[in-house]
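Visitor: Got a structure for you, questions after.
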Amino acid sequence: MSVQYNQIGANYNRIKKRSGDMAQTATILAYLGNIEGQEVLDLGCGTGYFSQKAVDQGARRVVGLDISPVMVQVAQREHEGDSRFEFRVTDCSKPLEVGKFDLVLAMWFLNYAPTAEDQLKMWQNIMCNLKPGGRCIGIVPNFDWLDSLSTDDGERSSGDMQFLEHVPDGVKYRFFSDQDSTVSFDAYLLRREVYNSCAYEAGFIDLQWLSLGGEDSDSARQIFQAWRPK
């Protein structure tokens, strides 16, 4: 997975400037709320986009982890000299113990699990690094698209997502940017039931699926948040 992101590098930042992505970010920050003084772990941090947003929302410290050395280098360069940020090259799908955080960000992280077993391990990593009562908030593709693919007239693409093949419990898809041909990567969308069961098996409570709202209510994105028991 790191290879496809190494090739994208800093170009990834460009897609965050699209109107749809900017609206998405605004909605996420509204759900995030005031996190003054909190410590945040950003899994699959990329170039540190949401790490920066967390600090803007009041976070005291952010640790960002990503499998791509190139992405991490961009994040380190853009936040050089700011002690509130720490970025490391890490495969977040492997057993992971970084510390105990108030908040874990999982923005486009769980969609890299090709199977339910792999996704459970990711949820367990999130749980392992949360303080009691801590929260995880993240983004995954919208399950409505997956449901449409099970029908005869299902669209093979949705916005910036192209269907590649069926896998157990879901599909493999390709994300692409119509503004930058260098930004393209493959990931997975598993059934909502897989997300729910894996989250609860990992020990989370009150998993919520949140709407982007407004004009983006039928977007290709889906926001979630879940809490570790106190």
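The values are calculated or read from the model by the stated rules, or taken from the named source; none is laboratory data. Quantities reported herein were computed from a predicted structural model and do not represent experimental measurements. When we count neighbours, we look across all protein chains shown, and the Cβ atoms used for this are built from the backbone with ideal geometry, even at glycine. Just the protein is used for accessible areas: all its heavy atoms, side chains included, with ligands, DNA and RNA removed. Shrake-Rupley method; radii C 1.70, N 1.55, O 1.52, S 1.80 Å.
Visitor: Considering only residues that are of a type in the set (A, V, I, L, M, F, W, C) and either out of contact with any strand residue (DSSP E or B) (no Cβ under 6 Å at 6 or more places or on another chain) or at pLDDT below 90 (or both), which ones fall in segment 188-209? Outline the logic, then answer.
Guide: Step one: of segment 188-209, the residues of a type in the set (A, V, I, L, M, F, W, C) are 189-190, 194, 198-199, 202, 204-205, 207, 209.
Matches in segment 188-209: 194, 198, 202.
Visitor: Within segment 99-127, count every residue that is out of contact with any Gly (no Cβ under 9 Å at 6 or more places or on another chain) and within 15 Å of residue 59 (Cβ to Cβ).
Guide: Final tally of qualifying residues: 1.
Visitor: From (1) open to solvent by 40 Å² or more (accessible area, probe 1.4 Å); (2) modelled with pLDDT under 95; (3) over 29 Å from residue 228 (Cα atoms), pick out the condition that doesn't hold for residue 5.
Guide: Only one criterion in (1) open to solvent by 40 Å² or more (accessible area, probe 1.4 Å); (2) modelled with pLDDT under 95; (3) over 29 Å from residue 228 (Cα atoms) is unmet by residue 5, namely (1).
Visitor: Among residues belonging to segment 38-61 that are in contact with a Cys (Cβ under 8 Å, 6 or more places away or on another chain) and either part of a strand (DSSP E or B) or hydroxyl-bearing (Ser, Thr, Tyr) (or both), point out the one that is farthest from residue 126 (Cα to Cα).
Guide: Result: 51.
Visitor: So, one more: Could you please find all residues in segment 67-106 being touching a strand residue (DSSP E or B) at 6+ places or on another chain (Cβ under 7 Å), of a type outside the set (A, V, I, L, M, F, W, C) and either over 21 Å from residue 226 (Cβ atoms) or not in a loop (DSSP other than H, G, I, E, B) (or both)?
Guide: 69, 76, 79, 84, 86, 88, 90, 102
Visitor: Look at residue 62 and say whether it is in contact with a Gly (Cβ under 7 Å, 6 or more places away or on another chain) and β-branched (Val, Ile, Thr).
Guide: Here the answer is no, as residue 62 does not meet what is asked.
Visitor: Now for a separate question. Among the numbered criteria (1) surrounded by fewer than 18 Cβ atoms within 10 Å (Cβ to Cβ); (2) at pLDDT 95 or above, which one does residue 136 miss?
Guide: Every listed condition holds for residue 136 apart from (1).
Visitor: Separate question: Against the conditions (1) in a loop (DSSP other than H, G, I, E, B); (2) at pLDDT below 90; (3) open to solvent by 30 Å² or more (accessible area, probe 1.4 Å), where does residue 212 fall short? Just the number, please.
Guide: Going through the list (1) in a loop (DSSP other than H, G, I, E, B); (2) at pLDDT below 90; (3) open to solvent by 30 Å² or more (accessible area, probe 1.4 Å), residue 212 breaks only (3).
Visitor: Let me ask something additional. Looking only at segment 77-93, which residues are open to solvent by 80 Å² or more (accessible area, probe 1.4 Å), out of contact with any Leu (no Cβ under 7 Å at 6 or more places or on another chain) and touching a residue at least 12 places away in the same chain (Cβ under 8 Å)?
Guide: Residues satisfying the conditions are 78, 84, 89.
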